[in-house]
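The values are calculated or read from the model by the stated rules, or taken from the named source; none is laboratory data. For clarity, every value in this text was computed on a predicted model and none was experimentally measured. Here the Cβ positions follow ideal geometry from the backbone for every residue, glycine too, while neighbour counts run over all protein chains shown.
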Amino acid sequence: MTTLLPEAGRGEGPEAGDGAREAAFDAAVAADERIEPRDWMPDAYRATLVRQIAQHAHSEIIGMQPEANWITRAPSLRRKAILMAKVQDEAGHGLYLYSAAETLGVGRDELLDKLHTGRQKYSSIFNYPTLTWADVGAIGWLVDGAAITNQVPLCRCSYGPYARAMVRVCKEESFHQRQGYELLLALSRGTPAQHAMAQDAVDRWWWPSLMMFGPPDDESKHSAQSMAWKIKRHSNDELRQRFVDICVPQAESLGLTLPDPELRWNEERGHYDFGPIDWSEFHEVLRGNGPCNEQRLGRRRRAHEEGAWVREAAAAYARKHGGDPGDGDGKAAA
Ligand code: FAQ
């Protein structure tokens, strides 16, 4: 909501100096108002949002790959239809997020180029392989579960377009999480081999899911500033703890165990204690040395190259019909 327009100092009107505009920006953030694209904002706020939203968008589209791996091998027509819908949803999330980033003055071409050349990141979690059908369930339950835990507070992010995109994304993610839970439940209650397959998937996805929340608070270089700007509402460790607390009883209902012998309820803290996370693995994955980094980025680059004719055709169609061809930057093709 933009309650303060340029004349009040938040827009780019020539009448307000940087000091006044910064004060108006700070006041709006303090009052929990939304910052909108045409409002004045500090350069560092804009850069932080571009970094986070771009990384988020890239995660959504790279995140289509691990599950898409199973579309042709889904065990029934019902499971195939659900999985196709889910993977399409992730593409849609990418599009909302690229659109949100574009409101900050960056082009989609530029963002994709940065992804393809390794100058922008995507979530560590999508560099792990999907070895069995149960991995589709584990991704839904754990990866989408972690994504929701992280993203529900982002619905209250100070930047309007990002916050609004998150509302719809979270609704869809919550469906994804439930389909993963239901899939794992069916396997867990199935034959001993199916139960073992579900347990193996949870064993492999548990720790990488905890890493999705980012480095521990004392190593999170962006958290303090992002929280002051109300981009982030909670620290990485707070959200990780919330996720663990949610998952433990759900694992019990599933009849599966979480692969952490140190997991136990701490009466004093009112939370589950959990064992140490192997942060060296996280850093290796971020450096490009995870099990699937090369494959994920390679496929992504190839899909982009092979899709060039679609973008060109869409731009030509838009020009012919008097629309905005998007300068061939993919906007019209979206
Ligand atoms: N992976 O200072 P912080 C999904 C980087 S969507 C890779 O703590 P910040 C849906 C970070 O960028 C999943 N890099 O950073 C789905 C920074 O690097 P830089 C994506 C990571 O931003 C489900 C450095 O480490 N969700 O799953 C990761 O304050 C199923 C220092 O970290 C979002 O992007 C990581 N896990 O906090 C799709 C949510 N963690 O740029 C398909 C929005 C940290 O300085 C299938 N993002 N880094 O070189 C956020 O909430 C935040 O950006 C955090 C990181 C919490 C991820």
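If I filter the range 141-161 down to residues being surrounded by fewer than 24 Cβ atoms within 10 Å (Cβ to Cβ) and free of Cβ contacts under 8 Å to residues at least 40 places away in the same chain, which single residue comes out as farthest from residue 246 (Cα to Cα)?
So, considering only residues that are surrounded by fewer than 24 Cβ atoms within 10 Å (Cβ to Cβ) and free of Cβ contacts under 8 Å to residues at least 40 places away in the same chain, the one farthest from residue 246 (Cα to Cα) is 155.
Name the residue that is nearest to residue 32 (Cα to Cα), counting only residues in the range 230-273 that are surrounded by 15 or more Cβ atoms within 10 Å (Cβ to Cβ) and among the small types (Gly, Ala, Ser).
Among them, the one singled out is 235.
Could you tell me whether the range 231-247 includes any residue that is among the small types (Gly, Ala, Ser) and more than 12 Å from the ligand (Cβ to nearest atom)?
Filtering the range 231-247 for residues among the small types (Gly, Ala, Ser) gives 235.
Adding the requirement that they be more than 12 Å from the ligand (Cβ to nearest atom) leaves none.
Scanning the range 231-247 turns up no residue that is among the small types (Gly, Ala, Ser) and more than 12 Å from the ligand (Cβ to nearest atom).
Take residue 185 and tell me if it is within 14 Å of the ligand (Cβ to nearest atom), among the aliphatic types (A, V, I, L, M) and part of a helix (DSSP H, G or I).
On the way: within 14 Å of the ligand (Cβ to nearest atom): no; among the aliphatic types (A, V, I, L, M): yes; part of a helix (DSSP H, G or I): yes.
No, not satisfied.
With respect to residue 190, is the statement that it is on the phi > 0 side of the Ramachandran plot and at pLDDT 95 or above true?
Details: on the phi > 0 side of the Ramachandran plot: no; at pLDDT 95 or above: yes.
When the stated conditions are applied, residue 190 does not pass them.
Would you mention how many residues in the range 192-229 are outside any helix (DSSP H, G or I) and surrounded by fewer than 20 Cβ atoms within 10 Å (Cβ to Cβ)? Even if it seems obvious, please write down each step before you answer.
At the first step, the residues of the range 192-229 found to be outside any helix (DSSP H, G or I) are 212-216, 220-222, 229.
Checking the rest, the ones that are also surrounded by fewer than 20 Cβ atoms within 10 Å (Cβ to Cβ) come to 215-216, 220-222.
Residues flagged as outside any helix (DSSP H, G or I) and surrounded by fewer than 20 Cβ atoms within 10 Å (Cβ to Cβ) within the range 192-229 amount to 5.
Do the conditions hold for residue 310, that is, is it touching a residue at least 24 places away in the same chain (Cβ under 8 Å) and either touching a Cys at 6+ places or on another chain (Cβ under 6 Å) or among the aliphatic types (A, V, I, L, M) (or both)?
Working: touching a residue at least 24 places away in the same chain (Cβ under 8 Å): no; either touching a Cys at 6+ places or on another chain (Cβ under 6 Å) or among the aliphatic types (A, V, I, L, M) (or both): yes.
No: the conditions fail for residue 310.
Among (1) out of contact with any strand residue (DSSP E or B) (no Cβ under 8 Å at 6 or more places or on another chain); (2) part of a loop (DSSP other than H, G, I, E, B); (3) under 26 Å from residue 214 (Cα atoms), where does residue 37 come up short?
Exception for residue 37: condition (3).
Going residue by residue through the range 279-286, is there one that turns out to be more than 29 Å from residue 197 (Cα to Cα), surrounded by fewer than 19 Cβ atoms within 10 Å (Cβ to Cβ) and within 13 Å of the ligand (Cβ to nearest atom)? Let's see the steps before the verdict.
Taking the range 279-286 and keeping what is more than 29 Å from residue 197 (Cα to Cα), we get none.
Among the residues of the range 279-286, not one is more than 29 Å from residue 197 (Cα to Cα), surrounded by fewer than 19 Cβ atoms within 10 Å (Cβ to Cβ) and within 13 Å of the ligand (Cβ to nearest atom), which makes the answer no.
Among the listed residues 164, 168, which satisfies the condition of being more than 11 Å from the ligand (Cβ to nearest atom), surrounded by fewer than 16 Cβ atoms within 10 Å (Cβ to Cβ) and within 19 Å of residue 87 (Cβ to Cβ)? Give the steps one after another, and end with the answer.
Numbers: 164 fails: within 19 Å of residue 87 (Cβ to Cβ).
Only one candidate passes the filter, namely 168.
Just wondering, is there one or more residues in the range 264-284 that are in contact with a helix residue (DSSP H, G or I) (Cβ under 8 Å, 6 or more places away or on another chain), among the hydroxyl-bearing types (Ser, Thr, Tyr) and part of a loop (DSSP other than H, G, I, E, B)?
Within the range 264-284 (the criterion being in contact with a helix residue (DSSP H, G or I) (Cβ under 8 Å, 6 or more places away or on another chain), among the hydroxyl-bearing types (Ser, Thr, Tyr) and part of a loop (DSSP other than H, G, I, E, B)), the answer is no, since none of the residues qualifies.
If a residue counts only when it is more than 12 Å from the ligand (Cβ to nearest atom), which helices (runs of 4 or more DSSP H) contained entirely in the range 68-159 have at least 3 such residues? So that I can check it myself, show each step before the final result.
Working: elements: 77-102, 108-116, 134-138, 144-151.
In the range 68-159, the matching helices (runs of 4 or more DSSP H) lie at 77-102, 108-116.
With respect to residue 62, is the statement that it is under 21 Å from residue 131 (Cβ atoms) and within 11 Å of the ligand (Cβ to nearest atom) true? Outline the logic, then answer.
On the way: under 21 Å from residue 131 (Cβ atoms): yes; within 11 Å of the ligand (Cβ to nearest atom): yes.
For residue 62, the condition - under 21 Å from residue 131 (Cβ atoms) and within 11 Å of the ligand (Cβ to nearest atom) - is met.
Restricting to the range 299-314, count the residues that are surrounded by 12 or more Cβ atoms within 10 Å (Cβ to Cβ) and part of a helix (DSSP H, G or I).
Keep residues of the range 299-314 that are surrounded by 12 or more Cβ atoms within 10 Å (Cβ to Cβ), which gives 299-301, 303-304, 307-308, 311-314.
Adding the requirement that they be part of a helix (DSSP H, G or I) leaves 299-301, 303-304, 308, 311-314.
Result for the range 299-314: 10.
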